Amino acid sequence: MNHNMRRAAIFSPLFAVLLGGCEAAYISSAAVHDADVRAAAVYADCNAQLRSGRLTSHRQAVQCAGERVMQAYQSAGYPFLDLVQFDIIERMNGATQIDVGTQTEDAVNRDLAELEKRINEEAQRRIDVRVKTTGAAADIPLSSLTAGLPSLSGGVTPPLNASDCFKVGSLSNCQGGQPIKR
């Protein structure tokens, strides 16, 4: 099996994002671009460790990257950290599918590429609402972003042992993609 989970940065660089309210606050596209570049470097490092045998599973590669990717977007002031976190959790679900042999790497990568497109569309929807109304967009269930993507939470996720839990920021994932606040 090819141990290279190919994937670029989580999000394509964003332009200045209006953060709503009476006082306009902006996140610079340079800061988000820097977070994109740092996230891509983190994933590349962890994937290299997987290919070299230092990490022995796709799950370990995602665990290796998750917290550092989250920190990259937090430090950039990215306003949609829930989308970053959701992406990491879905990567973990896909990695689990590869590791247990229920999905191929190509299938997971294909689904992750589609998920990235959907996440970018959701971020753009939120930006558009903030710009038009100076208020926050209504929440959508993030699980709807994986509908029809069988290698992610939209499909059947194999049961995990308690030892298979992982943490991203303040959330732990122990139930096949459903974040648990700690």
Picked from region 90-133 (must be closer than 18 Å to Ser57 by Cβ and among the polar types (S, T, N, Q)), the residue nearest to the chain's Cα centre (by Cα) is Asn93
Which number in (1) surrounded by fewer than 17 Cβ atoms within 10 Å (Cβ to Cβ); (2) modelled with pLDDT under 90; (3) under 15 Å from the mean Cα position of the chain (by Cα); (4) not acidic (Asp, Glu) marks the one condition that Ala41 misses?
(2)
Give Asn47, Asn93 a once-over and let me know the one that is buried (at least 18 other Cβ atoms within 10 Å of the Cβ), among the polar types (S, T, N, Q) and over 17 Å from Leu115 (Cβ atoms).
Asn47
The one condition Ser151 fails out of (1) of a type in the set (Ser, Thr, Tyr); (2) modelled with pLDDT of 85 or more; (3) surrounded by 15 or more Cβ atoms within 10 Å (Cβ to Cβ) is (2)
Exactly one of (1) surrounded by 15 or more Cβ atoms within 10 Å (Cβ to Cβ); (2) out of contact with any Lys or Arg (no Cβ under 7 Å at 6 or more places or on another chain); (3) β-branched (Val, Ile, Thr) is unmet by Thr134. Its number?
(1)
Based on what the data block shows, is Arg7 surrounded by 15 or more Cβ atoms within 10 Å (Cβ to Cβ), under 28 Å from Gln103 (Cα atoms) and either acidic (Asp, Glu) or at pLDDT 80 or above (or both)?
no
Enumerated helices (runs of 4 or more DSSP H) restricted to region 39-149, each holding at least 3 residues that are without any contact (Cβ under 8 Å) to a residue 40 or more places away in the chain, of a type outside the set (A, V, I, L, M, F, W, C) and under 18 Å from Ser29 (Cα atoms)
105-133
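The values are calculated or read from the model by the stated rules, or taken from the named source; none is laboratory data. The structure presented is a predicted model; accordingly, all values stated were derived computationally and were not measured. No Cβ is skipped: glycine too gets one built from the backbone with ideal geometry, and neighbour counts run over all protein chains shown.
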